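Notes for the one structure printed next.
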Amino acid sequence: MDLEKFLKENGLWYRFIEKTETIHTADAAKVAGIELNRLTKNLVSKTDKGEYVLLIVPGNKKVDLDKAAKVLGAKKVRLVPFDQAENVSGYPPGGTPSIGHKIPMKIIMDKSLLLYKTVFCGGGSRTKLLELNTEDIVRVGQAIVADISA
């Protein structure tokens with residue numbers, strides 16, 4: 001996937017931030033000097049119906065898979081194993097952006113992220129973060145906004 005091409009084609013404002021290689025959200029926030037609650041965890045998941053979904057929660061919270069399942073009308077949602085997530089999103093874990101994925105997925109964004117004009121997410125690699133307008137994630141990703149954090 002060419003993330004920057006996707007962002008340009010959709011006319012989105014964005015900013016990449018270079019960082020040292022990290023996978024975990026807290027480490028990325030620390031090295032980039034970003035508040036953990038504004039750096040998202042973008043979790044590739046799958047419903048019991050076989051539908052892929054990206055769950056977006058603030059870095060200082062955990063995802064509640066039962067809440068996500070209810071929002072989707074599914075019995076169960078599970079995280080896709082770390083070593084398989086890249087096949088779905090097109091990006092390595094720790095680099096997964098909030099939009100622009102290899103396989104189109106439903107997106108559910110935790111409603112607490114709407115408190116911020118911009119949020120930070122994976123920038124397509126483990127050495128980049130991407131700052132996006134929160135409203136653009138909802139609009140372009142057709143994200144469902146709901147309470148999915150614990």
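Tabulated data for the structure shown
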quantity	calculated
All positions within segment 107-133 that are farther than 19 Å from LYS62 by Cα and either in a loop (DSSP other than H, G, I, E, B) or of a type outside the set (A, V, I, L, M) (or both)	LYS117, THR118, GLY123, GLY124, SER125, ARG126, THR127, LYS128, GLU131, ASN133
Cβ-Cβ under 6 Å pairs, at least 6 apart or on other chains, segment 115-127 side touching a residue at least 60 places away in the same chain (Cβ under 8 Å) and farther than 13 Å from VAL138 by Cα, far side buried (at least 18 other Cβ atoms within 10 Å of the Cβ) and of a type in the set (Phe, Trp, Tyr)	GLY124/TYR91
Residue list for segment 91-150, filter: of a type in the set (Val, Ile, Thr), surrounded by 19 or more Cβ atoms within 10 Å (Cβ to Cβ) and over 13 Å from LEU55 (Cα atoms)	VAL119, THR134, VAL140
Output for segment 1-53, where each listed residue is under 13 Å from VAL119 (Cα atoms), charged (D, E, K, R) and touching a residue at least 24 places away in the same chain (Cβ under 8 Å)	ARG15, ARG38
Positions within segment 54-105 being of a type in the set (Lys, Arg), over 17 Å from ASP2 (Cβ atoms) and assigned to a loop (DSSP other than H, G, I, E, B), in sequence order	LYS61, LYS62, LYS75, LYS76
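Here, each number is a calculation from the coordinates, and none is a lab measurement. Just so we're clear, the structure is a prediction, and the values are computed from it rather than from any experiment. Counting neighbours? That spans all protein chains shown, and the Cβs are built from the backbone with ideal geometry, glycine included.
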